[in-house]
Amino acid sequence: MKSMKATRKISLLAGFSLLAGGLWAQNFCISTPGTSLVINAPTGGELKYLYYGNKLSETDLQQIEAVSNCNHTAYPVYGMNCPGEVALAVTHADGNLSTQMEVASVSTETEKQATLTTVRLKDKVYPFYIDVCYKAYQDVDMIETWTEISHQEKKAVRLTQFASAYLPVRRGNVWLSHLSGSWANEGQLTQEPLEPGMIVIKNKDGVRNSHTAHAEVMFSLDGSPRENTGRVIGAALCYTGNYKLRIDTDDSEYHQFYAGINEENSSYTLPGKETFRTPSVALTYSNEGLSGASRNFHKWGRNYKLAHGNTVRDILLNSWEGVYFDINQEGMDQMMGDIASMGGELFVMDDGWFGDKYPRKDDSSSLGDWVTDSRKLSEGIGGLIKDAQKHGIKFGIWIEPEMANTTSELYEKHPEWILKAPQRDPVLGRGDTQVVLDLANPEVQDFVFKVVDDLMTQHPEIAYIKWDANMAIMNHGSNYLTKDNQSHMYIDYHKGFEKICQRIRSKYPDLVIQACASGGGRANYGYLPYFDEFWVSDNTDALQRIYMQWGTSYFFPAIAMASHISAAPNHQTFRTVPLKFRIDVAMSGRLGMEIQPKNMTDEEKDLCRKAIADYKKIRPVVQLGDIYRLVSPYDRLGVASLMYTSPEKDKAVFYWWKTEHFVNQHLPRVTLAGLDPDKKYRISELNRIDNQPLAFEGKTFSGAFLMENGLEIPYTHRVDYHKQNDYASRVLYLEEVK
Ligand code: DGJ
């Protein structure tokens, strides 16, 4: 967050001037291929928002002020217009609580694939500055916006509110889509019309930030949300820590959207020499409905945010639900052999492999003691890597390096490294012994970096790390921060976290790292520059996953969403879902397995082997393609359906899952989307279990027909009587026929 300010030259390159109300106004158009964001930034005047939407023509751009009734400042500050909500509130060095900003300069810089427009605001009286930054991507409709706050006042300034961005959204029949949930039920979609009052979407966990709510939203501007038509604005706050999104609907013509770090218990004392950079908010606009906005997020995510966003992922087996803490070399070898024989490419050893004085038998000890438990693994990690090589697959390992247990050698040695309120016993987390390390402390940062560095130095063959985090910050108190700066704890934890991640990424750029946090606690674009993917949820039940993955796909591409085939009955819901359905759901994300293969029958292994082989064929379309959501499970029509198309529209994968089962029910016929109407596509079913092929198996249809008429999918599977059950699902592969 700290950055040195480079002197920037005033430039009007991105702007145009026009006469407005007798004054020379300066309007700036920040553009992406299909969108324009127009601001008014007259030197010495107020920075104002004018327009955000479809790309404007030159003619319309010249007249934009005549049709805009938005008199909103683009970054509202507190003190000279007290009654409203604001983005920023500060206490100046002399105690003045008011701030009044005017435009000092505007500059533009061209970066690789993006143009950065910076509006420098200066307080009318104080040497206090805000740079409002807009980074517009040239190959995807995404604008990132954030602020950089600095000053030269005589003493430190206290920031009490510091949102990253503000956006007015014109009232009308505007609907909000957002995600909430809890552990094992992440990513639940809520869609609601915006009514007067304020909606606050927030996180205060301290460590993980996407279990109970998500820091991303979509606004459907044309009434109740539609997937493939209508105007949509999407926003994603890219931050790893506590956040607050506010949508205030007061008596004005605009809903007022604010997004940024959650300032509660986090006021920040800013010395003159430091610049406070707020995390960016990524804004997108699409007139192709919610799925259109999702495609923008996915493309931008893959190209600019996720680690290795354009490299398809390995198909893996993770040991957790297969053996839990019961790790030993023989067992790992057996699992590696099994996943290799099914065509998998990677094995990941989960929790339970470490601890010397305190072996990790369950979740009540050993975090912090990152040495192999030689009682379980006599040949150490080296032995496991040899086994993996023998089976021709890669090896990965689980760690939870931000944490310790009070039963650990680390805690015995460094009790001062944990977050804890002075004079008080710590509130403990998982296993009644877990504590969070103080990442504000550079020594702790070194320690956490070293956990990864030691593993990778000793075993450079490690290809994948599952980085877990299973506790909230329950105790306010840092031994490292001064007593005056205790309110920096949440922010400095995440500054420390990012520093560690940056060190790891600069030394180990090729390592694949999963962000796991008690399941889906770290699904946020703030994490993804350092992580390749996230674990969507600890709940692997295929039926519930349809709902969670549907919501999560609003903002994150399939390549980032780890989705594993697990056992039946499911370990979280105890529901018995047939393997075919479990496979068909897992195959719509980044496919993996989370199961003990030795408990599977040969027939089940065969089905998985075929699915893995087919997934390798469709993997580029699923992981790198464009999503079109077709029928929402949240509409409760008895079916859910989505598809991915390749960018060239020559291939597509269609998913259909029945979500309810009644005799003689009537399900809607699903029309496809995203195809080229003029192309012809041959259809083949993947993961077929039916005795008879589908009526349209191997047949060719035009894209136009498939998108206007759709296909009749049988409601049940034609299988032998003893194999019948209440689930049905289909995966269809479409290939262009020339
Ligand atoms: C929580 C994760 O979400 C699980 O996948 C597993 O890794 C456990 N932690 C291990 O303790």
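Values for this structure:
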{"item": "Nitroxide proxy distance, nm - points 7 Å out along Cα→Cβ at Ser341 and Arg609", "result": "0.9 nm"}
{"item": "Per-pair calculated FRET efficiency, R0 = 25 Å: Thr275 and Lys124 via Cβ, rounded to 0.05", "result": "0.75"}
{"item": "Highest to lowest packing among 516-525, 441-450, 329-338, scored as the average C-beta count within 10 Å", "result": "516-525, 329-338, 441-450"}
{"item": "Cα-projected label distance for Glu461 with Gln113, points at 7 Å along beta-carbon direction, nm", "result": "3.4 nm"}
{"item": "Added length on full extension, which subtracts the Cα-Cα distance from 0.36 nm per residue, Glu416 to His476", "result": "20.2 nm"}
{"item": "Surface accessible to a 1.4 Å probe, Ile462 within the full protein complex, Å²", "result": "10 Å²"}
{"item": "Cα-based radius of gyration of segment 442-503 once divided by 2.2 N^0.38 Å, which approximates compact folds", "result": "1.34"}
{"item": "Between segment 522-600 and segment 441-467, the alpha-carbon center distance in angstrom", "result": "26 Å"}
{"item": "Å² per residue, accessible surface of the chain at 1.4 Å", "result": "38 Å²"}
{"item": "Cβ-based net charge around Leu528, under 14 Å, with every Lys or Arg adding one and every Asp or Glu removing one", "result": "+2"}
{"item": "Length gained when the stretch Lys617-Ser68 is fully extended (0.36 nm per residue, less Cα-Cα span)", "result": "192.6 nm"}
{"item": "Alpha carbon centroid spacing (whole Å) that separates segment 128-162 from segment 222-259", "result": "20 Å"}
{"item": "Hull-based mean projected area of segment 35-95, where the convex hull spans the alpha carbons, in square nanometres", "result": "5.7 nm²"}
{"item": "Spatial separation of Cα centroids for segment 723-738 and segment 362-388, in angstrom", "result": "42 Å"}
{"item": "Debye intensity ratio I(q)/I(0), log10, the chain, q values 0.06, 0.09, 0.10 Å⁻¹ (C-alpha model)", "result": "-0.38, -0.85, -1.03"}
{"item": "Pairs beyond 23 Å (Cα-Cα), from Lys155/Lys244; Lys580/Lys680; Lys204/Lys495; Lys122/Lys499; Lys48/Lys122; Lys699/Lys723", "result": "Lys155/Lys244; Lys580/Lys680; Lys122/Lys499; Lys699/Lys723"}
{"item": "Where labels lie 7 Å past Cα in the beta-carbon direction, separation of Asn310 and His666 in nm", "result": "4.8 nm"}
{"item": "Cα point-scatterer Debye curve for segment 400-446, base-10 log of I(q)/I(0) at q = 0.19, 0.20 Å⁻¹", "result": "-0.55, -0.61"}
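The values are calculated or read from the model by the stated rules, or taken from the named source; none is laboratory data. In this text the structure is predicted, and so the values were computed from the model without any measurement. So basically every Cβ, Gly included, is an ideal-geometry build from the backbone, and we count neighbours across all protein chains shown. Note: areas computed on protein heavy atoms with side chains; ligands, DNA, RNA excluded. Shrake-Rupley method; radii C 1.70, N 1.55, O 1.52, S 1.80 Å.
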